[in-house]
1. Testing PRO66 on (1) at pLDDT 95 or above; (2) not in a helix (DSSP H, G or I); (3) not aliphatic (A, V, I, L, M), one condition comes back false. Which one is that?
2. Within segment 157-171, can you find the residues that are modelled with pLDDT of 80 or more and either surrounded by 10 or more Cβ atoms within 10 Å (Cβ to Cβ) or of a type in the set (S, T, N, Q) (or both)?
3. Just one of LEU25, LEU32 is surrounded by 16 or more Cβ atoms within 10 Å (Cβ to Cβ) and modelled with pLDDT of 95 or more; which is it?
4. Within segment 110-131, does at least one residue satisfy the condition of being among the small types (Gly, Ala, Ser), within 17 Å of GLY28 (Cβ to Cβ) and in contact (Cβ under 8 Å) with a residue 24 or more places away in the chain?
5. The conditions are (1) loosely packed, with under 13 Cβ neighbours inside 10 Å; (2) in a helix (DSSP H, G or I); (3) not basic (Lys, Arg), and PHE40 fails exactly one of them. Which is it?
6. Please specify each residue of segment 192-201 satisfying the condition of being in a helix (DSSP H, G or I) and in contact (Cβ under 8 Å) with a residue 60 or more places away in the chain.
7. The conditions are (1) closer than 23 Å to LEU116 by Cα; (2) at pLDDT 95 or above, and ALA256 fails exactly one of them. Which is it?
8. Any residue in segment 68-82 that is under 18 Å from the mean Cα position of the chain (by Cα), of a type outside the set (Lys, Arg) and surrounded by 13 or more Cβ atoms within 10 Å (Cβ to Cβ)?
Amino acid sequence: MLDYMLGFFLSWFANPHLIGIGLALVFGAIWLAGYWPPLFKKPWLWAVLAISAILSLIAVSFIQIPLQALVGQALGQFWSQETLLRWILLAGIPQILLSGLVQEGSKLVPVVIWWLGENRTLAPKIGLAIGAVAGAGLGVFEAVWAHNSIFAAGWSWGMVEEGGYIVLAGFWERFFAVAFHIAASALAGYGLAKGLGWQFYLLAAFLHSLLNYGVVLLQAGIFTVVHIEIYAAVVAVLVTAVALWLRWRKGEETEAIEQ
């Protein structure tokens, strides 16, 4: 298990590809621009982005993966593989929930550190902006890893001409995954600043699990690859719409994020 965890961790730094890295950065810039975070007025936001990316990778590699393995082993003690596959819509829930809890928790760590440094007083829209930046950290880093893997597998534009636009599914998925990571963390940061930290953390974790549940639907044969890509896009856009509405709605804090 330790070898697998280390291998997964190191895989995020393997096979760097300039186009893959560039696309990930562009995806992040496109979605983060909507939140207009003060990255240059508050340079420490760049540290939030980097810390979120690294902490999240560590958490996924050394917390999420072993916990999911333990859950799988525990379920296997009570039910056969045939039974688990027959009831996969239920059996897959615990591991999916773990992914949301671990990843949203790790992304929130630098936001909490900032909040504590401000004596637990943040304007909600600033909390939202910090959360969005933290979400971009994991979202972009994860996209770099996914894109590098795609190009390392031999992806080329000629494959699109032969196989159609389904060959672009991996890039489509990352585009909206980046949007989701940013929006979910923005909601968590907003809730933290409002004094509802654990409630909004659980909300973000639930939404993350809802997004990942598409994989279970695919394994159950309910979704095709096309369905799961549409499902992920819809969830990401809806969560982003709520986060951006909170960011830009008029009120006494409209100007706070710029200060």
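The values are calculated or read from the model by the stated rules, or taken from the named source; none is laboratory data. Predicted model only: the values in this text are computed from it and were never measured. Counting neighbours? That spans all protein chains shown, and the Cβs are built from the backbone with ideal geometry, glycine included.
1. Here PRO66 clears every test but (2).
2. MET159, VAL160, ILE166, VAL167, LEU168, ALA169, GLY170, PHE171
3. LEU32
4. There is at least one residue in segment 110-131 that is among the small types (Gly, Ala, Ser), within 17 Å of GLY28 (Cβ to Cβ) and in contact (Cβ under 8 Å) with a residue 24 or more places away in the chain.
5. Exception for PHE40: condition (2).
6. LEU192, ALA193, GLY197, TYR201
7. (2)
8. Looking through segment 68-82, at least one residue is under 18 Å from the mean Cα position of the chain (by Cα), of a type outside the set (Lys, Arg) and surrounded by 13 or more Cβ atoms within 10 Å (Cβ to Cβ).
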